[in-house]
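The values are calculated or read from the model by the stated rules, or taken from the named source; none is laboratory data. Note that this is a predicted model, so its numbers are computed, not measured. Because the Cβ atoms are built from the backbone with ideal geometry, glycine has one as well, and the counts that use them run over all protein chains shown. Just the protein is used for accessible areas: all its heavy atoms, side chains included, with ligands, DNA and RNA removed. Shrake-Rupley method; radii C 1.70, N 1.55, O 1.52, S 1.80 Å.
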Amino acid sequence: MEVKTLGELCNIVSGGTPSRSKAEFWHEGTIPWIKIGNIKEKYVNEADEYITQAGLDGSSAKMFARGTVLYTIFATLGEVGILDIDACTNQAIAGLTIKDTNQLNTDYLYYYLRSKKKYVNKISRGVAQNNINMSMLRSFELPLLEISKQEEIVAILDKVFAIINDRQHELQKLDELIKARFIEMFGDPLSNSKRWPCMKITDACRAIFGGGTPAKSHPEYFTGTIPWVSPKDMKSSVISDSIDHITEEAIAHSTTNLVPAYSVLMVIRSGILKHTLPVAINSIPVTINQDMKAFVPNNVITPEFLMYFFKAIEPDVLAGVRSVTADNIDFKTFQKRIIIVPPIELQKQFTAFVTQTDKSKVAVQKALDETQVLFESLMQKYFG
């Protein structure tokens, strides 16, 4: 089997950002300008922002043709997509154009790059800005099989990937069902259309915990059994474990706290906050990292009501997210927000509905997890 580098197989360049101070680069632009958050599916065909021809000509932005493979190399590493439109990207994204499509299949390249996500995050550790440079990307080695064999592999991975997408969409629909039930029972929480009593979030909670990170200079702190939840764990509405675990000593020597079960966890600082507000209930005691907050409800609200209240106000919260060194929520302001407080018995009825729907979600999630394990094993088999 022949092995070649990406630099040998592809033309690889990064994008750029036209100056924000020049209105003519952005005003009434028609050229899609892709950011990391736009890479959500295998095929990328939507942009949040558009630039003008003057913006393209007057910056380091590049026009990439449909079929170009996009790969994120800064901040959020290893996201990959295939352009389904002609578009530009920002500098956090590299565009890979295959030199000879008779030698390398576009979808094969896509799956190869997906398989490198853990690797790129590993090699980027210790880099101040969490990135890989273009020379590193060009040096990646790809097993180059016969084009017919590449197509066979793509066909298999496409089938498994389609099942994963179907399962993810099922979970999304079930979550939307709960959100719709919340609005049906309680009305619009921002306008308080049903005129419920209100109070500040701080008054509706008996405690609000911040997170923290134990000192990396003490690796023994990370050998414990206590879940240490971070944004990467916030993939479902119920958290029962985490990727990383810490010791009691780690808690004692950091700003993190032991959060009681059935609190509501929220991500307050992460690049994903431009698109979603991750919230979840922890079914066991956990600790959280510095990018998280934990809300412990008092006896006037249930955890399920609080979590879906946060989900209901998500668009308003995300509209206020400001971009500094990282995207974050102004938490001092957030915790002073007003929350509606319907009768607790009505909230418990909602909790019962959530519990019943969650049983369906658990079954779908189990099937999704099993399919993802299969997908990862196939990726390992084909790409090492």
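When only C-alpha pairs under 8 Å and at least 6 residues apart count, what is the relative contact order of the chain, in percent?
Reported as a whole number, the value is 15 percent.
What number comes out for accessible area per residue over segment 1-138 if the probe is 1.4 Å? Units Å², please.
48
Calculate, in nm to one decimal, what THR357 and ASP48 gain on full extension: separation in residues at 0.36 nm each, minus their alpha carbon distance.
108.0 nm
Between ASN102 and GLN380, take the C-beta separation as r, use R0 = 30 Å, and let me know the FRET efficiency to the nearest 0.05.
After rounding, the FRET efficiency stands at 0.65.
Under the classification rounded if a/c is under 1.5, otherwise prolate if a/b is larger than b/c and oblate if not, where does segment 77-123 fall, given a ≥ b ≥ c as square roots of the Cα gyration tensor eigenvalues?
It is oblate, given that a/c is not under 1.5 and a/b is not larger than b/c.
What whole-number value in Å² describes the accessible area per residue of segment 316-384 for a 1.4 Å probe?
57
Only Lys, Arg, Asp and Glu count, each charged at its Cβ (+1, +1, -1, -1), so figure out the dipole size of segment 33-140 about its Cα centre, rounded to 20 debye.
The calculated dipole for segment 33-140 is roughly 660 debye.
How many angstrom lie between the Cα centre of segment 230-260 and the Cα centre of segment 56-75?
37
Per DSSP helix of 4 or more residues, -39500 (n - 2.57); summed, then divided by the residues of the chain. What does that give at 222 nm, rounded to the nearest 500?
-11000 deg cm²/dmol
Any idea how far apart GLU41 and GLU345 come out in nm if each label point goes 7 Å out from Cα toward Cβ?
4.6
Please identify which residues in segment 200-215 have an amide N closer than 15 Å to a label point set 7 Å out from the Cα of ALA252, following the Cα→Cβ vector.
It comes to 215, nothing else.
Carbon-plus-sulfur fraction of the accessible area of the chain, 1.4 Å probe, in percent?
52
Which residues' amide hydrogens lie under 5 Å from the amide hydrogen of THR76, considering only partners 5 or more residues apart or on another chain, with H built in the peptide plane?
none
Placing +1 at every Lys and Arg Cβ and -1 at every Asp and Glu Cβ, with all other atoms neutral, what dipole size does the chain have around its Cα centre, in debye to the nearest 20?
Computed about the Cα centre, the dipole is about 800 debye.
How high is the FRET efficiency between ILE156 and ILE338 when r is their beta carbon distance and R₀ equals 51 Å, given to the nearest 0.05?
0.45
log10 I(q)/I(0), Debye, Cα-only the chain, no solvent, q = 0.13, 0.15 Å⁻¹?
Listed by q, the Debye log ratios stand at -1.22, -1.41.
Counting DSSP beta bridges in segment 236-384, what percent are antiparallel, to the nearest 5?
85
So which helices of the chain fit the span-like rule, where a helix is a whole DSSP H run, its Cα atoms reach 27 Å or more along the axis, and its mean Kyte-Doolittle is at least -1.0?
147-186, 344-383
Determine one quarter of the surface area of the Cα convex hull of segment 3-83, which equals its mean projected area, and express it in nm² to one decimal.
So the Cα hull casts an average projection of 6.0 nm².
Considering only DSSP beta bridges where both residues belong to segment 1-159, give the percentage that are antiparallel (nearest 5).
Once the DSSP bridges in segment 1-159 are tallied, antiparallel ones form about 85 percent.
Which three semi-axes in whole Å describe the equivalent ellipsoid of segment 142-186, each the square root of 5 times a Cα gyration tensor eigenvalue, listed largest first?
The answer is 41, 8, 5 Å, longest axis first.
With a ≥ b ≥ c the root eigenvalues of the C-alpha gyration tensor of segment 272-370, is it rounded (a/c under 1.5), prolate (a/b larger than b/c) or oblate?
oblate
Length gain on complete extension for the stretch ALA319 to ALA367, per 0.36 nm per residue less the alpha carbon to alpha carbon distance?
13.8 nm
On alpha carbon coordinates alone, what is the Rg over Rh value for segment 123-227, Rh being the Kirkwood radius?
Rg/Rh for segment 123-227 comes to 1.16.
For segment 1-140, calculate the relative contact order in percent as a whole number, restricting contacts to Cα pairs under 8 Å that are 6 or more residues apart.
31
With a Förster radius of 51 Å, plug the Cβ-Cβ distance of ALA65 and SER217 into 1/(1 + (r/R0)^6) and report the FRET value to the nearest 0.05.
Using R0 = 51 Å, I get an efficiency of 0.60.
Would you mind calculating the relative contact order of segment 162-285 from Cα pairs under 8 angstrom and at least 6 residues apart, reporting the percent as a whole number?
Reported relative contact order: 21 percent.
Would you kindly calculate the translational diffusion coefficient of segment 197-320, applying Stokes-Einstein with the Kirkwood radius from alpha carbon pairs, for 10 °C and a viscosity of 1.306 mPa s, and quote it in µm² s⁻¹ without decimals?
108
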